[in-house]
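Notes for the one structure printed next.
The values are calculated or read from the model by the stated rules, or taken from the named source; none is laboratory data. These numbers were taken from a predicted model, which means no experiment stands behind them. Reconstructed Cβ throughout: ideal geometry from the backbone, glycine too, with neighbour counts over all protein chains shown. Surface accessibility is based on the protein's heavy atoms, side chains included, excluding ligands, DNA and RNA. Shrake-Rupley method; radii C 1.70, N 1.55, O 1.52, S 1.80 Å.
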Amino acid sequence: MSEIAEKVKAIIIDKLGVEASEVTPEASFTNDLGADSLDTVELIMEFEKEFNVSIPDDQAENIGTVGQAISYLEEHAK
Amino acid sequence: MSLRRVVVTGLGAITPLGKTAPAYWEGLQAGVSGAAPITRFDASKFKTRFACEVKDYNPDSYFPTKEGRKMDIFTQFALIAADEAIQDAKLEGVDKDRVGVIWGSGIGGLTSLQAECIAFANGDGTPRFNPFFIPKMIADSASGNISIRHKFRGPNFVTTSACASSSDSIISAFNYIRLNMADVVVTGGSEAAITESGVGGFNALKAMSERNDAPEQASRPYDKERDGFVLGEGAASLVLEEYEHAKARGAKIYAELIGGGMSADAYHITAPDPEGNGVVLVMQNALRDAGITPADVDYINTHGTSTPLGDGAEVKAIQKVFGEHAYDLNISSTKSMTGHLLGGAGAIEAVACILAMQHNIVPPTINHFTDDPELDPKLNFTFNKAQEREVNVAMSNTFGFGGHNTSVIFRKIRD
């Protein structure tokens, strides 16, 4: 797993209080990992902080699963 | 329309003396001080470096980490105290549409506000405010979270009147039940202001004791050498319930809430009126509402914060209202032990009054070393040791910055 993927997983485990085994690429933040709308906003902000990127709202809307977050950040992280 | 009667059917507390209502009472009657050096932050550069913290508090022992993180510590305290009171009252079977939550907090989520502002100031100007910041900070998140947790759908709000906040929440709860707008209200108050901004702010007001060499002796209401209040934190909760409703479900009844009074000093934003006119008025208002005379009162749990001006003004007011009967009263300031919980003070002191009635023991004003010549020596301030006494009627006074005065009166239950 890439360094970015490791960090993304760690942030999700910390913020959503879930087990590492649940954080699969297909796992949806809201449907599988118990996030509500505010949790999702917080996750996106943590990604922005950790990877020093700014994720526009219209793109953030497309980040709904662990895998989507990893691929977005692998593409955009500085 | 006749007003309905209101009784207390549940108690809860998390305080500097103990993390449940029974543990709190143990500390009160033993005359223990809750003051110690501050552990929450590095206070080495502060004028006051001690406070009455809730000891060994770890939110993880009460909440899943993810849940606890979304609440300011003042809301965590609120939930812990309310949970205990709700369990104590055994509310499982009641109609949740008729249960309200009316809480009190003087400030709200100061820790969260401070942390977010510091994080912003340390950044490059990009706003990265946490989405939970506002819901954590706002004072009404306490009542909101209690209702969400227990599905109580009755009236729900928070009262804010500085250090009178949770006496005002108790009176509001009392009124909503009296007026048939709810059958049960979970009330109380909480505060958690032992932060850099809280301690620094109160130091700037010259309101807090700076007795750093003897923290446990710093809160000394009515002592000649008193030099300010000691900041406390925590929460207490009371389940208030309509009398017939409580009887019908066989609830344990601690006491009846028989009256509440409110007034304003209309004098100064932080200094008390030296004549105590607003304080005279509030006690008269409470006695009138309760339909009793001054001679009926056995015990007054005073506001008595240990400030040079405030303590004297309140005693003067008590003597004006109670006349000769003032000498027959037990008077005590439990802030000598708990410190000053600000918006939580009214609630923890109401609980102290109710437990004093239940046990017929008056908790003391500890740390009395030197008589204050300005205070009438014939008054019984219950100095240093708890006193046994049949307590049928107890009054609790709280006053807040802004000149808010509130007084509530409890009586042992009778038909």
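Over its Cα atoms, what ratio of radius of gyration to 2.2 N^0.38 Å does the protein assembly as shown give?
1.05
List the GluC sites (Glu not before Pro) in the range A:39-78 that DSSP assigns to loop (not H, G, I, E or B) and whose Cβ has at most 12 other Cβ atoms within 10 Å. Which are they?
A:Glu61
Between the range B:221-296 and the range B:153-193, how many Å separate their Cα centres?
Answer, in whole Å: 13.
Report the label-to-label distance for A:Ser2 and B:Lys320 in nanometres (one decimal), using points 7 Å from each Cα along the Cα→Cβ vector.
7.5
Quick one: work out the % antiparallel among DSSP beta bridges in chain B, nearest 5.
Restricted to chain B, the bridges split so that about 65 percent are antiparallel.
Let me have the 222 nm mean residue ellipticity of chain B computed from DSSP H runs of 4+ only, each contributing -39500 (n - 2.57), with the sum over all residues rounded to the nearest 500.
After summing the helix terms and dividing by the residues of chain B, the value is -10000 deg cm²/dmol.
Mean Kyte-Doolittle hydropathy of -1.0 or higher plus an axial Cα length of 18 Å or more: which whole DSSP H helices in chain A meet both?
TM-like helix candidates: A:3-16, A:37-51.
Hey, quick one: spin label on B:Tyr267, modelled 7 Å out along Cα-Cβ, who in the range B:294-308 has an amide N within reach, i.e. under 20 Å?
B:301-308
Using only the Cα atoms of the range B:7-249, what do you get for the radius of gyration and for Dmax, in Å?
In Å, with Rg to one decimal and Dmax whole: 18.7, 62.
Let me understand chain B better: what is its radius of gyration from the alpha carbons, and its Dmax, in angstrom?
For chain B, the Cα-based Rg and Dmax read 20.0, 67 Å.
Which value in deg cm²/dmol, rounded to the nearest 500, describes the helix-derived mean residue ellipticity at 222 nm for chain A, given -39,500 (n - 2.57) per DSSP H run of n ≥ 4 and division by the residue count?
Estimated from H runs of four or more residues: -17000 deg cm²/dmol.
What does the net charge come to around B:Asp372 if you take all other residues with beta carbon closer than 15 Å to its beta carbon, with K and R at +1 and D and E at -1?
Net charge in that neighbourhood comes out at -3.
Report the calculated FRET efficiency for B:Leu309 and B:Arg153 (r = Cβ-Cβ distance, R0 = 45 Å), to the nearest 0.05.
Calculated transfer efficiency: 0.50.
Provide a whole-number value for the mean count of partner chain Cβ atoms within 10 Å of the Cβ atoms in peptide A:41-51.
That works out to 2 on average.
Count the net charge of all other residues whose Cβ sits under 12 Å from the Cβ of B:Ala173, scoring Lys and Arg as +1 and Asp and Glu as -1.
My count for the surroundings of B:Ala173 gives -3.
Only bridges with both residues in the range B:260-412 count here: give the DSSP antiparallel percent, nearest 5.
65
Treat each spin label as a single point 7 Å out from the Cα along the C-beta direction, and report the B:Asn203 to B:Ser44 distance in nm.
1.4
Along its three principal axes, how long is the range B:260-412 when you only count alpha carbons? Whole Å, largest extent first please.
Principal extents (largest minus smallest coordinate, Cα): 38, 38, 31 Å.
Can you give the accessible area of B:Met181 in Å² (nearest 10), computed on protein heavy atoms with a 1.4 Å probe?
Using a 1.4 Å probe on the heavy atoms, I get roughly 100 Å².
How big is the range A:1-74 on each of its three principal axes, counting only the C-alpha atoms and giving the largest first in Å?
Principal extents (Cα only, largest first): 28, 27, 18 Å.
Quick one: Karplus J couplings for the range B:309-321, per residue in order, coefficients 6.51, -1.76, 1.60, θ = phi - 60°, nearest Hz, x for Gly and Pro?
Rounded to whole hertz, the list is 7, x, 4, x, 5, 5, 5, 4, 5, 4, 5, 5, 6.
Given the whole protein assembly as supplied and a 1.4 Å probe, what does the accessible area of B:Arg389 come to in Å², nearest 10?
Its heavy atoms expose roughly 60 Å² to the probe.
From largest to smallest, what semi-axes in whole angstrom does the range B:105-250 give when each is the square root of 5 times an eigenvalue of its alpha carbon gyration tensor?
33, 25, 11
Dividing the alpha-carbon Rg of the range B:10-50 by 2.2 N^0.38 Å yields what?
1.46
Just to confirm my numbers, what's the Cα centroid distance between the range B:299-377 and the range A:40-73 in Å?
56
Alpha carbon centre of the range B:399-415 versus the range B:1-79: separation in Å?
21
Just add up the charged neighbours of B:Ala204: K/R +1, D/E -1, any other residue whose Cβ is under 13 Å from the Cβ of B:Ala204.
Result for the neighbourhood of B:Ala204: 0.
For chain B, what does the relative contact order come out to in percent, with C-alpha contacts under 8 Å and a separation of six or more?
Taking the mean separation of contacting Cα pairs over the length of chain B, I get 24 percent.
Among B:Ser166, B:Ser143, B:Ser190, determine the one that fluctuates most according to a GNM of chain B built with springs between C-alpha atoms less than 10 Å apart.
Largest GNM mean-square fluctuation: B:Ser143.
Let's see if you can work this out: charge +1 on each Lys and Arg Cβ, -1 on each Asp and Glu Cβ, no other charges. What is the dipole magnitude of chain A about its Cα centre, in debye to the nearest 20?
200
Report, as a whole number in µm² per second, the diffusion coefficient that Stokes-Einstein gives for the range B:247-343 at 20 °C and 1.002 mPa s using the Kirkwood radius over alpha carbon pairs.
144
For the range B:225-279, which GluC sites (Glu not before Pro) are both in a DSSP coil and crowded by at most 16 other Cβ atoms within 10 Å?
B:Glu225, B:Glu275
Run through the range B:1-101 and list the GluC sites (Glu not before Pro) located in a DSSP loop whose Cβ has at most 16 other Cβ atoms within 10 Å.
Hits after loop and neighbour filter: B:Glu92.
Near A:Lys15, which lysines are there with a Cα under 26 Å away, not counting those fewer than 8 places off in the same chain?
A:Lys7, A:Lys49, A:Lys78, B:Lys66, B:Lys70, B:Lys136, B:Lys151
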